[in-house]
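The values are calculated or read from the model by the stated rules, or taken from the named source; none is laboratory data. Note that this is a predicted model, so its numbers are computed, not measured. Here Cβ is always computed from backbone atoms with ideal geometry, including for glycine, and neighbour counts include all displayed protein chains.
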Amino acid sequence: VTQKIADYFQRELLPRADIVFDFHSGGRTLDFVPFCAAHTLPDKAQEQKAFAAVAAFSAPFSMRMTEIDAIGMYDTAAEEMGKVFVTTELGGGGPSRAETVPI
């Protein structure tokens, strides 16, 4: 089932997207400061668009990441298609909190 979902994302959904957001939280066990991030990319125009999206998201913190394990990853698939990819971590520790919902 997981492979079918991944295939559907890669073949059907990602080609339709202009910008790809990957929303995360720490779930019940982790509590992250709310941040938004994008990757350092070989295509600097694509990288610039990604960091413009990070800035527009307006999370209290942001991060520039270098991908060290790219094979088979959702973000890699999107970026290889030339898509703007942005990821987030928005709190955690159980339920939503008032300070992360407006982000």
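Brief remarks on what is shown
- The residues of segment 34-57 that are surrounded by fewer than 17 Cβ atoms within 10 Å (Cβ to Cβ), part of a loop (DSSP other than H, G, I, E, B) and under 15 Å from the mean Cα position of the chain (by Cα) amount to a single one, Thr40.
- Residue in segment 12-31 that is part of a strand (DSSP E or B), out of contact with any helix residue (DSSP H, G or I) (no Cβ under 9 Å at 6 or more places or on another chain) and either within 30 Å of Glu99 (Cβ to Cβ) or not acidic (Asp, Glu) (or both) present: yes
- When Asp31, Asp18 are checked against the criterion of being among the charged types (D, E, K, R), exposed (fewer than 10 other Cβ atoms within 10 Å of the Cβ) and either touching a residue at least 12 places away in the same chain (Cβ under 8 Å) or touching a His at 6+ places or on another chain (Cβ under 9 Å) (or both), Asp18 stands alone in meeting it.
- So Ala70, is it out of contact with any Pro (no Cβ under 7 Å at 6 or more places or on another chain) and under 21 Å from Phe9 (Cβ atoms): yes
- Residues that are modelled with pLDDT of 80 or more and part of a loop (DSSP other than H, G, I, E, B) were ranked within segment 73-101; the one that is surrounded by the most Cβ atoms within 10 Å (Cβ to Cβ) is Gly91.
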